[in-house]
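All remarks here apply to the structure that follows.
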Amino acid sequence: MRHAPPLLEIDVICASVCVLACATCLWLWWRQRLHTLRALKEARRQVARLGASQQSLRDAERRRIARDLHDDLGQQLLALGLDTAALARQYPALQAPLDRLAQRVQHATRAMRAIVDDLPAEALESGLEGAVQQQIDQFARLSGIRCRLEAAPDAFAGRAGHGMDNIVYRVLQESLSNIVRHAQASEVCVRLRRQEHSLSLTVRDNGVGLPQPKAILGAGRRSHGLRGIAQRVAEAGGRFDIASEPGAGTALTMSFPLA
């Protein structure tokens, strides 16, 4: 019993040291966390400044391309429309096909203006569902390639936002154009699925496929279209995947986040 007070004092000292050590560790952890948060905040500011600078450069380049399209392609389309009207007057028997050609020229002119003005595609005025179906029907009619749409009943429910609708439409448009130019396919399936926080678009063909799906993004004629698709998807915060084998067709899958 005579040794109890010293033992008690030792226990108190040990407890005090432990408390002090814990407090020191907590203070060091909190200090490190504050430092990390400050560094992360600064990194985000730098990324934002860099993004703003890159966006400024992209806007300047976009304006230059828009001027070139308007001044060059716009004049060519205007001349084509005038020539078509002149041919229709000169050859009345060709009135019907020339009228269809004139409508195509007018549609191309409106599409060009929509791109120049950075406006959503004209087809989207009736909503994404109507625009997608119209694009598929037009693709099948002009290319002779069978094309079907697979979409769950809720695929077009709600709104992804007109900006996102425009991205989905443009990506589908470029995907189908790539198939016409390169795939040598006889059938295409377009699948659209909506989940709680994402909208996925898959364009699958039964064509010649790709020898190296990942490497194709790096070089080659077909890579230009795929790179454009990948860039659009990335800028929308989405994900782009390619699944393909030689002779077994290609599947492009794009997933877009929904707010």
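Just so you know, all these numbers are worked out from the coordinates, no wet-lab data involved. The model shown is predicted, which means the values in this text are computed figures rather than measured ones. Heads up, the Cβs are rebuilt from the backbone with ideal geometry, glycines too, and the neighbour counts pull from every protein chain shown.
Direction-averaged shadow area of the convex hull around the Cα atoms of the stretch 96-209, nm²?
8.0 nm²
Expressed in nm to one decimal, what extension gain is obtained for the pair residue 134 and residue 193 from 0.36 nm per residue of sequence separation less their Cα-Cα distance?
19.4 nm
Out of residues 5 or more away from residue 198 or on other chains, whose amide H comes under 5 Å of its own, with H placed 1.01 Å from N in the peptide plane?
258
What ranking do 24-36, 128-140, 198-210, 85-97 get when scored by the average of other Cβ atoms within 10 Å per residue, highest first?
Ranked by mean Cβ neighbours within 10 Å, highest first: 198-210, 128-140, 85-97, 24-36.
Full-extension gain between residue 95 and residue 20, please, as 0.36 nm times their residue separation minus the C-alpha to C-alpha distance.
That works out to 17.5 nm of additional length.
So who's got an amide H within less than 5 Å of the one on residue 127, skipping anything under 5 residues away but keeping other chains? H placed 1.01 Å off N, in plane.
Placed amide hydrogens put nothing under 5 Å from residue 127.
Work out from phi, with θ = phi - 60° and the Karplus expression 6.51 cos²θ - 1.76 cosθ + 1.60, the ³J(HN,Hα) of each residue of the stretch 167-173, listed in order in whole Hz, and give x for Gly and Pro.
5, 4, 5, 5, 5, 4, 4
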